[in-house]
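Reading through the structure tokens given below for one structure.
The values are calculated or read from the model by the stated rules, or taken from the named source; none is laboratory data. Note that the structure is predicted; figures quoted are calculated from it, not measured. Here the Cβ is made from the backbone with ideal geometry for all residues, glycine too, and neighbour counts use every protein chain on show. Heavy atoms of the whole protein, side chains included, go into the accessibility calculation; ligands, DNA and RNA do not. Shrake-Rupley method; radii C 1.70, N 1.55, O 1.52, S 1.80 Å.
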Number of protein chains: 2
Amino acid sequence: MNIDAVLAAARRLDGHVRHTPLLSSPFLDEIAGRHVLVKPECLQHTGSFKFRGAWSALSALDDATRARGVLAYSSGNHAQGVALAARRMGVPAVIIMPSDAPALKVANTRAFGAEVVLYDRDSESREEIGAALADARGLTLIKPYDHPEVIAGQASVGLEIAADLPHATGDVLVCCGGGGLTSGVALALDSRAPGLRARPVEPEGFDDVARSLRSGTIQRNDRQSGSICDAVMTPAPGDLTFPILHRLCGPGLTVSDDEALRAMAVAFKRLKIVLEPGGAIALAAALFRSDQVDGNTVVCVASGGNVDPETFATALERFGDA
Amino acid sequence: MNIDAVLAAARRLDGHVRHTPLLSSPFLDEIAGRHVLVKPECLQHTGSFKFRGAWSALSALDDATRARGVLAYSSGNHAQGVALAARRMGVPAVIIMPSDAPALKVANTRAFGAEVVLYDRDSESREEIGAALADARGLTLIKPYDHPEVIAGQASVGLEIAADLPHATGDVLVCCGGGGLTSGVALALDSRAPGLRARPVEPEGFDDVARSLRSGTIQRNDRQSGSICDAVMTPAPGDLTFPILHRLCGPGLTVSDDEALRAMAVAFKRLKIVLEPGGAIALAAALFRSDQVDGNTVVCVASGGNVDPETFATALERFGDA
């Protein structure tokens, strides 16, 4: 993986993805003690950055392969990204989703025209189910993060930050599951805005990337469920993403589920954007783990907003005074 | 009022206001039966378009006048706009607000450094209170809509739409109180995107502008309270705004409070933005009064997002399945 693949993906994405803005509020700056810039990928098509990687991967396939259709396994946001990209390209999509995924994500994926296959997160392997379906139907598996063209697509988030802040210095906090977004952003910043450093943010108890960065080898999470941050609950960093993360990223940060909910309430109140728990953890780290962040300015990638109304209402009820 | 004043204001605003994007979702298109584009002014500084007019008006004052300070009366969004603009320019601001304004708006206005004076909406006149304070302290009154430089500032919303959609045809629906935003948008579109036509949207029972347009003379509302759309409850169109509205706008539309809440829930779910009731009525008209709208594409200005958590939670609870 190098910057050439990132730039090639950016050319394929041009005109198909939204260049999201950088939002700010004096109230956020006051909480964090530094200038906070938030990149709201919740405003991206399908409500998360995942559309970027999906479009990149599908657009990189040769025509005949793409026409047979694609398959993805995902807690939801990758699913929606692949489903919409496939629909816009006129090809079939099958999505394998955990049975405990938010109802909104399942419904949206179906509404985008994809066929949804549900599996049990604790007792079944989505990888095995996916491989069997791909074999049977001639579908191409689009992995959610450990896929070069997906990483190159997510990197466009970093290119946009670099284009908007070419001379900035400081930390860029990124909500991190398997590391596709974080590694892509790191690649883009390293090449185009070397004063900015990508740092992964994870939920407490699911800090596989932070531990992997500290130890220098891939570490796994003990659990695969139990956080409200469903979008970033992954077993371990990927074989492709980890070497990039290890080479380019600063230390990982972790936040609690309550801090994620509080950041959602702050984003509601001060930025007027809707974040899901897993999409709010980078902002949570900027606001509530400020002592672990470097620089006069911090950039947070707010990676998604696909949250059930009930969970959002809970965040407002508990932390609406935040 | 002509396009020269609009362009002069745009030059003063350059670099100080956000050029908000145009958002869309296939789900919105399906509800409306046409392509829907939403301009999220909730993402503007202070959470509403009002910052544009405030910056325009304050930046147009001569230095000595501005230095003595400014005064505004407002249900809240104009207050926040004037307060932040004044703070950024380093001058004092006094804001007169109704005692039933949302707590968030009162608190934010104070947090921006302004002095807040509360009045009773049913028994007192904000105009009289404002005039007395202006006299006593040498403050300059910044009216919320019937002010040439405020209208010229709000017009920048229309210039941005015209820049993004120079060749489009159809209706541009605008949340309308006293008509500052609507008249400004109409002026800009008339000059820069004549295929687009501004149309005011009001809450049922507060359709003074729609009735004024039909009759050709300024009509007043019977009530001054009783809608959840506090941001757009004004007694009548202004002496400056009405002639512009009458000359350039298409017929007005009205929506119910429930339709405003439902549009808030749709915006939450499909666009991941936070709208207040009065800021959601243009979207509500596009979605639920589609038979009264012309063209293959409709643009809605979503004018603000300063809503209390309780009201937002109510919208999600009642219409989260929308």
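The residues listed here are B:Ala315, B:Ala284; of these, the one that is among the aliphatic types (A, V, I, L, M), without any contact (Cβ under 8 Å) to a residue 60 or more places away in the chain and open to solvent by less than 10 Å² (accessible area, probe 1.4 Å) is B:Ala315. Search region A:215-226 for residues being in a loop (DSSP other than H, G, I, E, B) and among the small types (Gly, Ala, Ser), and hand back the single one that is farthest from A:Tyr73 (Cα to Cα). Across region A:215-226, the extreme among qualifying residues is A:Gly216. With respect to (1) free of Cβ contacts under 8 Å to residues at least 60 places away in the same chain; (2) over 25 Å from A:Ala132 (Cβ atoms), the lone exception for A:Ala85 is condition (2). How many residues are over 18 Å from B:Gln224 (Cβ atoms) and surrounded by 11 or more Cβ atoms within 10 Å (Cβ to Cβ) when one looks only at region B:118-137? The number of residues fulfilling the criteria is 4. All of B:Ile244, B:Ile218, B:Ile228 fail the test of being open to solvent by 30 Å² or more (accessible area, probe 1.4 Å), of a type in the set (Val, Ile, Thr) and within 18 Å of the chain's Cα centre (by Cα), apart from B:Ile228.
Residue selection: A:Leu13 fails the criterion of being at pLDDT below 95 and either on the phi > 0 side of the Ramachandran plot or out of contact with any strand residue (DSSP E or B) (no Cβ under 8 Å at 6 or more places or on another chain) (or both).
Quick check on A:Asp239: is it out of contact with any Pro (no Cβ under 7 Å at 6 or more places or on another chain), within 30 Å of A:Arg192 (Cα to Cα), of a type outside the set (A, V, I, L, M) and modelled with pLDDT under 95?
Numbers: out of contact with any Pro (no Cβ under 7 Å at 6 or more places or on another chain): yes; within 30 Å of A:Arg192 (Cα to Cα): yes; of a type outside the set (A, V, I, L, M): yes; modelled with pLDDT under 95: no.
Answer is no for this residue.
Quick grid of which residues meet (1) outside any helix (DSSP H, G or I); (2) on the phi > 0 side of the Ramachandran plot; (3) touching a Cys at 6+ places or on another chain (Cβ under 9 Å); (4) without any contact (Cβ under 8 Å) to a residue 60 or more places away in the chain:
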position: A:Asp146; (1), (2), (3), (4): yes, no, no, no
position: A:Ile151; (1), (2), (3), (4): no, no, no, no
position: A:Ala162; (1), (2), (3), (4): no, no, no, yes
position: A:Gly178; (1), (2), (3), (4): yes, no, no, no
position: A:Ser191; (1), (2), (3), (4): no, no, no, no
position: A:Leu213; (1), (2), (3), (4): no, no, yes, yes
position: A:Ile228; (1), (2), (3), (4): yes, no, no, no
position: A:Pro235; (1), (2), (3), (4): yes, no, no, yes
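Among residues of region A:19-65 being touching a Phe, Trp or Tyr at 6+ places or on another chain (Cβ under 9 Å) and open to solvent by 10 Å² or more (accessible area, probe 1.4 Å), the one that is farthest from the other protein chains (Cβ to nearest Cβ) is A:Ile31.
Could you tell me how many of the residues in region A:133-144 are in a helix (DSSP H, G or I) and among the aliphatic types (A, V, I, L, M)?
If we filter region A:133-144 for residues that are in a helix (DSSP H, G or I), which is where we start, we get A:133-137.
This time we only want the ones that are among the aliphatic types (A, V, I, L, M), so: A:133-134, A:136.
The number of residues fulfilling the criteria is 3.
Of all residues in region B:78-92, those being more than 11 Å from chain A (Cβ to nearest Cβ) and open to solvent by 10 Å² or more (accessible area, probe 1.4 Å) number 4.
Where residues in region A:67-107 are of a type in the set (Gly, Ala, Ser) and in a helix (DSSP H, G or I), which of them is farthest from A:Thr311 (Cα to Cα)? It would help to see each step written out before you state the result.
Looking only at region A:67-107, we keep the residues that are of a type in the set (Gly, Ala, Ser), and these are A:67, A:69, A:72, A:74-76, A:79, A:81, A:83, A:85-86, A:90, A:93, A:99, A:101, A:103, A:107.
Retained after the next criterion (residues that are in a helix (DSSP H, G or I)): A:67, A:79, A:81, A:83, A:85-86, A:103, A:107.
On the way: A:Ala67: 38, A:Ala79: 20, A:Gly81: 22, A:Ala83: 24, A:Ala85: 27, A:Ala86: 29, A:Ala103: 12, A:Ala107: 16 Å.
Looking at the filtered set, the residue picked out is A:Ala67.
Selection within region A:159-205: residues that are buried (at least 24 other Cβ atoms within 10 Å of the Cβ) and at pLDDT below 95. The member of this set that is nearest to the chain's Cα centre (by Cα) is A:Gly177.
Within region B:108-126, being part of a loop (DSSP other than H, G, I, E, B) and either in contact (Cβ under 8 Å) with a residue 40 or more places away in the chain or within 14 Å of chain A (Cβ to nearest Cβ) (or both) holds for B:Phe112, B:Gly113, B:Ala114, B:Arg121, B:Asp122.
Yes or no, residue by residue, for (1) touching a residue at least 40 places away in the same chain (Cβ under 8 Å); (2) open to solvent by 30 Å² or more (accessible area, probe 1.4 Å); (3) within 14 Å of chain A (Cβ to nearest Cβ); (4) polar (S, T, N, Q):
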residue	(1), (2), (3), (4)
B:Leu253	yes, no, no, no
B:Leu261	yes, no, yes, no
B:Arg289	no, yes, no, no
B:Val293	yes, no, no, no
B:Ser303	yes, no, yes, yes
